[in-house]
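One structure below.
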Amino acid sequence: MSFEQSGAKSDDDENHNTTIPLEDSDLSEEDLDEVDLSDSQHKSFLDQSGISREQNANLFSRLFFIWSDATVRLGAKRPLTPDDLGTFPPHLTSTASAYRLITLLYGDAESTRTIRSLWYAMWLFIRRGFFFCIFLGMVGGIRDVLGPIFLRYLLESVQQRVNPEQKLSRVYGPYDGWILAVSWFLVNLIGSYACQHLWWRGFNNGLSLRMALNTIVLRKIMRCSPAAKAKATTGQMMNLVAVDTWNMWEWIWDPNNIFLPFFLITGNVVFLSSILGWTIVGIIALCLTVLVPVNALVSRINLKATEEVIRFTDERISKMGQLLHAMGFVKLYNWEEAFRRRISAVRLKETKLIKKLAFLRCGTLSLWTFTPPLISLVTFYFYTKWGGELTPAIAFSVMAAIQNTREPMEKWLQGIYELTSAYISAKRIDQFLKLEEVDDVEQVIDERRAVNILSGYFSWNLQTHENALRDINLEVPHGQLLAVVGPVGSGKSSLVSSLIGEIKKRSGEIRLGGKIVYTSQQAWLMNATVRDNILFGQPYDRHRYERVIEACCLATDMEHLPSGDMSEIGEKGINLSGGQKHRISLARAVYQDVDIYVFDEPLGAVDTAVAKWIFEECIEKFLAGKTRILVTHQLQFLPSVDSIAVMSKGQIAHRATYQQLMSAGIDFSSIVEHQNARLRQQQPDAEKQETKKTENVQKKKKGKKEKGKLTSDEKKSEGAVGLHVYLDYISAAKHGKTLFSFAMVAFVSAQVAKILSDSYLTKWSNDLGKSEDAVDSSGISYLHLFALYIGVHCLLVLVREILLATAILRTSFSLHDSLLLSILRAKMAFFDTTPIGRILNRFSGDQKTMDMKQFYTVGEFVTCFMNIITALITICILSPPLIVPFIAVSIIFFVVQNYYIKSSRDLKRMESVSLSPVLHCFSECIGGGSIIRAYRMEEYFAADRLPVVQDVNYSAHYWHFAVNRWLGMRLELVASLIILSTAAYANLSNSIWAGLTLSYALYSVRSLTWMVRTFTAMELQMNSSDRILEYTRVPHEAPMQREADQNLSDEWPFQCDLDFANLWLRYLSAEEVQPQPANSQVKTSVAKTEDLSDTSRYVLRGITCHIQPREKIGIVGRTGAGKSSFVSALFRLTEASFGCIKVDGVDINEIGLQRLRNGISIIPQEPLLFHETVRWNLDPFGIHSDSDIWKALDRAHLREIISSLPAKLETLVSGDNFSVGQKQLMCLARVLLRKSGVLIMDEASASLDLETDELIQKTVREAFQESTVLTIAHRIHTIIDSDRIMVLDAGQLVEMDTPRELLKRPQSHFSKLVSHALEHTSPRMTKRD
């Protein structure tokens, strides 16, 4: 489904859904605000009637959120699941929201050129809801303006009864107090309900914009050019979704924090002027004006610091993403400490700024907290000094009004913070959307030519003067099979990248005569089933599908997978071999029925027999009549192609048929024959055997297999956040318990000082007729005592905020470090079964909550709790009759809260858990952008795949906010009733303490309401802490260091002999690597003995062999034979289930992983470079000199290439600096620097041409002459010179002997493999018709 397929309801018939193509739409900007989608597009989020529960509700139900009752009721009975969230309004779905914003920004869904700025498009998107929120905010603000007025008149009516002779502002009748009480109740109720609907409307407005922005960001990700991706790192792109769009929502859902404070301050100032006169109000205004430059300074500092925090967060998440994507590689090279240092260095910069922001906020919160009492002190001083009579009505109403100016200022400060974050985020999104995009290659109708490039000059970065391709002239007729060959770095991949617009065209013309698909040199797969990866959004055609499976040599693999083609593929194909990944990637391309097929080295990762099968059955036969462009190093197939393009230094050096090139003196067959000669030298002439034809595999599966699910579903905690979570949280930081204890003492002390100050204000105001110099019974001035207590209170407020901020920040920083260390030490099986997005969610969203939000939320909760305790004690002492209703209300509050918290907690956890698939979807698109674009599948991911996971996530968010409003409505009703009952008590009371009692009772009601909300928010935020604490308990690998390491010499292993004794190995299941329960000790891997009765679970079965010192061993075997598992056991990525491995007589289970992995080096099958300098990629610990590095580069045949770079060793490696072959050579340079005693070469030559492969083998033979070398290879000639050959099959060692001895036995596995290689790699000299 594309966005264009979304339509709007017809005005003529609401039951008839029509589709309106965007290009034919006449919608105006005003109409676009009301664009809706057909309900039929969102059935997964609708009830059976097709109408959401909110839409189906009547006016009364909507007013009081009664339509949410069912969800709250169900959540109180049992834990909620995603299946319970069946009602999600269609206009809020991803597709609907994206359609509106895309139309506003681009004009139509197909366009990539904006018609207006992002800022203006977003404004058009939210403006109606925005203005409505402002209106509701004004209605709600009237409650706060009228509150002090009602308080004054109510207290005056009480004073009139206590002292009838006292002069008041007016004379009150017997029923005026009751009228005031009822009026106050109604105003408070209306204002409260207006605020609830303000937040609900703002939430929907912001949620819709966030979903739309996510979709637009995803569309942009899939169109970013390689140069743009070099500027926007993976971490930045992920943060746009996890952080920036959230910041946009956070401001939009309550925009009144910016505008409403001015209305409230104005209203309260007018009220104060009516009591105190404009002179004193002028003094108050002067005090408030002094704070304006303070606010301006705070805003500037906050803006700059926030921008820096986001920048460092981007960098940290980017590095974390690189680590997680390459965790296996990092463990093999023992680079965990190097990554910990680089991530911690960025984190240190980030934490310094977070501290700055926190203490800045701490200071401003303290300032706004003690500003009202200080202003009250100044006000009362001048008021009494200038002859004013200070009465309880005046004193407490003035304090309430001044307090009402404090809260708007605090909200304004919060609004500035939110607006600043939203502004920075919007600017980042806008900058990202302006990045360079790939070129769309023109497709034309050309009956003669499928590909036509004229005088093409191409560059990966147009800002440089370097061209990756020069003077390219290429014409490929329809139906032709073109082979592209050339040495490493000659421009082969750049040439095919030009056909899909991946590389930028500097000049020239390029046209395609049909649709195109492409397979990359490094296979990209989705975390989905095998079938979903092959279909790739296309409908399932069983006949074609089975033919594709057969042609791509996948039938046997389907037999061995747990659930055949319905087996789940792990992230980045982690549970597949390199050959399987490439063949599935090939099948995906072949299944697409298009005109042009472009294959970038699909044969290098498979053995010769499979390569021949794929070439003959798939490329030649199945795709016969199609245009095929094949980049390959397998020169034996060149005689069978129609035409050959030979690349050299970014140019097409030759373009002709095989015979024409042979006639011109370019003899490819001699290169192949040179390799085959080495095979024949080892094979006795009398025993050369013909290879049998590949047997057809059975297509049908035998028996019913279990569901082939690899990754486990993320567990959602149930019930309340346990006490152990709070205790673990408090104990996480050094001296954490002490800091939290001192902070609580400061909170209590501040409340005591506040009680004393308010008590003396009451005594002062009731001591009528006295001036500002009046003294109490102790002979001390009331004013001085009042000032003393206020000063102590202000000081303690500052101390408590600093202590709390310090404690929470230390805890947050400590938990991040613990999480990072835990992930670095986790078992490899954990990463094989856990999506990367799930882990990144902990480091991004959850960590942000702890860094930026918990300080504020915890502080608010503790403050409200202390206010309630203070009010309870005060009321008990001064007005005992109010204790009963106060306790009753408290019970009602907590019963309602307990009833509500169960569903709210489940929904928040569901929201957190469901965010991981959203991030994973973005991660997939970042990694597979070129494939997605080549297949023209951008709309599939943006309009189909993303909405599925995003709507689940935002449905949980939607319902979480809805039940919050459900709670808010009920709490506000109870609070309003308390105001009514308290006012009624004041009308019946004749106490002189009525003012203080009424103030505390009313303030406690608001504190109680806010405490319930902040407690809920705090518990939900503690869920983030719980999720981080959970991942600090993942099972760890064996210790990095052990005491036995000290017994090893620095040169270990120096003899380099390997002894495998009855080695059995199985991979751990997802359940075995899940985080341990709380309060349990983290488990580490240990060698253990298992029951071997069920041998089907094991990938290595009883391998026993001895490898002599400095012996060169070749390891061969079919896919699934156990070659990679053999390497995994040697590096202890997976612990042996039974048996042992000894290196130089030392059991590797008895030593630390650091010594083991430092003593062994590997050149992996899939080369990997990190987004760091060339130097760092070779030497991350900085222990080698420049001369050593240049020497290694020279021996790896990279010196010339690196020397030609402007920054040489300091050149930053991006995605396209180096070809895949050059990356492989860089891996060779790494192991040359390490100089380990044991070297593993795991298909290291798969991405190299034969000549370069020969050079590498020569370098290895020379450099590692004194080392033991184990070489895993599909190319038999790569290992034919080995001292001995190991042949693995089905996890067993079936043969191990010298190549010559094995070839003497015609029926040996190795003899058959060599015969296959000779047959399949010999050039086919028959000329194509």
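The values are calculated or read from the model by the stated rules, or taken from the named source; none is laboratory data. Small disclaimer: the values here were computed from a predicted structure and weren't measured. Using ideal geometry, Cβ is built from the backbone for each residue, glycine included, and neighbour counts are taken over all protein chains shown. These area figures cover heavy atoms from the full protein model, side chains too; ligands, DNA and RNA do not enter into them. Shrake-Rupley method; radii C 1.70, N 1.55, O 1.52, S 1.80 Å.
Miscellaneous remarks
- Among the residues listed as K1258, K1223, K1235, the single one being open to solvent by 10 Å² or more (accessible area, probe 1.4 Å), of a type in the set (K, R), within 30 Å of P226 (Cβ to Cβ) and modelled with pLDDT of 80 or more: K1223
- Lone unmet requirement of (1) part of a helix (DSSP H, G or I); (2) over 30 Å from D471 (Cβ atoms); (3) at pLDDT below 90 for S497: (2)
- Looking only at segment 841-871, and only at residues there that are aliphatic (A, V, I, L, M) and open to solvent by less than 10 Å² (accessible area, probe 1.4 Å), the one that is farthest from the chain's Cα centre (by Cα): A871
- No other residue among I926, I931 is touching a residue at least 12 places away in the same chain (Cβ under 8 Å), more than 25 Å from E250 (Cα to Cα) and crowded, with 21+ Cβ neighbours inside 10 Å apart from I931.
- Residue satisfying condition, being modelled with pLDDT under 85, of a type outside the set (A, V, I, L, M), under 25 Å from G75 (Cα atoms) and open to solvent by less than 40 Å² (accessible area, probe 1.4 Å), within set S903, S916, S879: S916
- Options S1214, S1187; residue that is surrounded by fewer than 20 Cβ atoms within 10 Å (Cβ to Cβ), hydroxyl-bearing (S, T, Y) and in a loop (DSSP other than H, G, I, E, B): S1214
- Residue match in segment 391-400 (condition: closer than 30 Å to T112 by Cα and at pLDDT below 85): no
- Segment 385-401 residues that are acidic (D, E), paired with ones that are assigned to a loop (DSSP other than H, G, I, E, B) (beta carbon under 8 Å, 6 or more apart): E389/K167; E389/L768; E389/G769
- Considering residues of segment 826-885 that are of a type outside the set (A, V, I, L, M) and without any contact (Cβ under 8 Å) to a residue 24 or more places away in the chain only, the residue nearest to A743 (Cα to Cα): C876
- Among the candidates V1174, V1146, the residue that is modelled with pLDDT of 90 or more and in contact with a Ser or Thr (Cβ under 8 Å, 6 or more places away or on another chain) is uniquely V1174.
- Taking segment 500-528 as the range and being at pLDDT 90 or above and hydroxyl-bearing (S, T, Y) as the test, the residues that pass are Y518, T519.
- Those residues of segment 420-436 which are open to solvent by 40 Å² or more (accessible area, probe 1.4 Å) and either more than 23 Å from the chain's Cα centre (by Cα) or closer than 30 Å to A934 by Cβ (or both), in sequence order: Q431, K434, E436
- Within segment 1123-1135, being in a loop (DSSP other than H, G, I, E, B), open to solvent by 10 Å² or more (accessible area, probe 1.4 Å) and not polar (S, T, N, Q) holds for L1133, E1135.
- Residues located in segment 409-449, provided they are in a loop (DSSP other than H, G, I, E, B) and in contact with a helix residue (DSSP H, G or I) (Cβ under 7 Å, 6 or more places away or on another chain): L435, E436, V438, V441
- Only listed residue being more than 28 Å from A805 (Cα to Cα) and assigned to a helix (DSSP H, G or I), chosen from F382, F370, F312: F382
- Checking I1115, I1202 one by one, the residue that is in contact with a helix residue (DSSP H, G or I) (Cβ under 7 Å, 6 or more places away or on another chain), crowded, with 21+ Cβ neighbours inside 10 Å and under 20 Å from V1238 (Cβ atoms) is I1115 and no other.
- Within segment 260-288, tally of residues that are closer than 30 Å to S425 by Cα and not aromatic (F, W, Y): 4
- Residues in segment 822-839 that are of a type in the set (A, V, I, L, M) and open to solvent by 10 Å² or more (accessible area, probe 1.4 Å): M828, A829, I836.
- Residue selected from segment 537-581 under the condition farther than 26 Å from S1096 by Cβ and under 27 Å from the mean Cα position of the chain (by Cα), by the criterion most open to solvent (accessible area, probe 1.4 Å): K572
- For segment 244-260, the count of residues that are open to solvent by 50 Å² or more (accessible area, probe 1.4 Å) and either at pLDDT 80 or above or not in a helix (DSSP H, G or I) (or both) is nonzero.
- One residue stands out in segment 1156-1177 among those that are open to solvent by less than 50 Å² (accessible area, probe 1.4 Å) and of a type in the set (D, E, K, R): the one that is farthest from the chain's Cα centre (by Cα), namely R1157.
- A956 vs. criteria more than 30 Å from M1011 (Cα to Cα) and buried (at least 21 other Cβ atoms within 10 Å of the Cβ): no
- Filtering segment 442-456 to residues that are surrounded by fewer than 17 Cβ atoms within 10 Å (Cβ to Cβ) and on the phi < 0 side of the Ramachandran plot leaves E442, Q443, V444, I445, D446, E447, R448, L454.
- Qualifying residue in segment 658-669 (condition: more than 24 Å from N473 (Cα to Cα), open to solvent by 10 Å² or more (accessible area, probe 1.4 Å), without any contact (Cβ under 8 Å) to a residue 12 or more places away in the chain and of a type outside the set (F, W, Y)): no
- Scan of segment 1268-1308 for residues that are open to solvent by less than 10 Å² (accessible area, probe 1.4 Å), within 23 Å of H1197 (Cα to Cα) and in contact with a strand residue (DSSP E or B) (Cβ under 6 Å, 6 or more places away or on another chain), ordered by number: T1268, V1269, L1270, I1272, I1279
- For segment 454-493, a residue qualifies if it is outside any loop (DSSP other than H, G, I, E, B), under 23 Å from V1220 (Cα atoms), among the polar types (S, T, N, Q) and free of Cβ contacts under 8 Å to residues at least 60 places away in the same chain, and exactly one does: S459.
Yes or no, residue by residue, for (1) part of a helix (DSSP H, G or I); (2) open to solvent by less than 50 Å² (accessible area, probe 1.4 Å); (3) modelled with pLDDT under 50; (4) not hydrophobic (A, V, I, L, M, F, W, C):
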{"site": "D31", "(1), (2), (3), (4)": "yes, no, yes, yes"}
{"site": "L37", "(1), (2), (3), (4)": "no, yes, yes, no"}
{"site": "S40", "(1), (2), (3), (4)": "yes, no, yes, yes"}
{"site": "S49", "(1), (2), (3), (4)": "no, no, yes, yes"}
{"site": "Q55", "(1), (2), (3), (4)": "yes, no, no, yes"}
{"site": "F60", "(1), (2), (3), (4)": "yes, no, no, no"}
{"site": "L80", "(1), (2), (3), (4)": "no, yes, no, no"}
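- Filtered residue count, segment 104-123, keeping only those that are touching a residue at least 12 places away in the same chain (Cβ under 8 Å) and over 30 Å from D439 (Cβ atoms): 0
- Restricting segment 980-1020 to residues that are of a type outside the set (A, V, I, L, M, F, W, C) and open to solvent by 30 Å² or more (accessible area, probe 1.4 Å), the residue that is modelled with the lowest pLDDT: S991
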